[in-house]
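**Q** Handing you this structure, nothing more for now.
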Amino acid sequence: MVESLPYKVEYVDHAIRQRRNGTRSGRIRDSLIRVDDRQRGDDEILMLYSLYAREDRQTRQIALHTTRLFAFKDGWVGDAILYRISM
């Protein structure tokens, strides 16, 4: 089973990466944000599916679209989720 949780995002400074000739990641320390994780009562077989991110140009937030899928004997059950991450 592939473990997809917790789902996290992190800031990256591309200028730092370019100055270091791509040898370092350019990740910004202490910028890690936990977006989603298994919650109490969630089934053990939970998958975040079809992740898609875009910048909301009006709010300057990252809009992260995903589906939380659970596998059951009768089939898959899921909800579409939109996370808004402030920058």
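**Q** Taking the stretch 25-49 as the search range and keeping residues that are exposed (fewer than 11 other Cβ atoms within 10 Å of the Cβ) and farther than 19 Å from Ser86 by Cβ, which one is modelled with the highest pLDDT? Working first, answer last.
**A** Looking only at the stretch 25-49, we keep the residues that are exposed (fewer than 11 other Cβ atoms within 10 Å of the Cβ), and these are 29-30, 34, 39-41, 44.
Right, trim to farther than 19 Å from Ser86 by Cβ and you get 39-41, 44.
Details: Gln39: 82, Arg40: 85, Gly41: 81, Glu44: 77.
In this case the residue turns out to be Arg40.
**Q** Here is a further query. Report the residue count in the stretch 1-24 for those that are over 17 Å from Thr66 (Cα atoms), of a type outside the set (A, V, I, L, M), assigned to a loop (DSSP other than H, G, I, E, B) and at pLDDT below 70.
**A** 5
**Q** Does the stretch 68-82 contain at least one residue that is at pLDDT 90 or above, within 16 Å of the chain's Cα centre (by Cα) and under 20 Å from Tyr11 (Cβ atoms)?
**A** Scanning the stretch 68-82 turns up no residue that is at pLDDT 90 or above, within 16 Å of the chain's Cα centre (by Cα) and under 20 Å from Tyr11 (Cβ atoms).
**Q** Just the residues that are in a loop (DSSP other than H, G, I, E, B) and in contact with a Lys or Arg (Cβ under 7 Å, 6 or more places away or on another chain), please, taken from the stretch 26-45. Even if it seems obvious, please write down each step before you answer.
**A** Start the filter on the stretch 26-45 by keeping residues that are in a loop (DSSP other than H, G, I, E, B), which leaves 26, 28-32, 37-45.
Those that are in a loop (DSSP other than H, G, I, E, B) and in contact with a Lys or Arg (Cβ under 7 Å, 6 or more places away or on another chain): Gly26, Leu32.
**Q** Looking at the stretch 50-67, which of the residues that are hydroxyl-bearing (Ser, Thr, Tyr) and more than 14 Å from Lys8 (Cα to Cα) is surrounded by the most Cβ atoms within 10 Å (Cβ to Cβ)?
**A** Our first condition is that a residue be hydroxyl-bearing (Ser, Thr, Tyr); within the stretch 50-67, this holds for 50, 52, 59, 66-67.
Now drop any that are not more than 14 Å from Lys8 (Cα to Cα), which leaves 50, 59, 67.
On the way: Ser50: 11, Thr59: 11, Thr67: 14.
Filtering first and then ranking leaves Thr67.
The values are calculated or read from the model by the stated rules, or taken from the named source; none is laboratory data. This is a predicted model, so every value here is computed, not measured. All Cβ positions, even for glycine, are placed from backbone atoms using ideal geometry, and neighbour counts span all protein chains on display.
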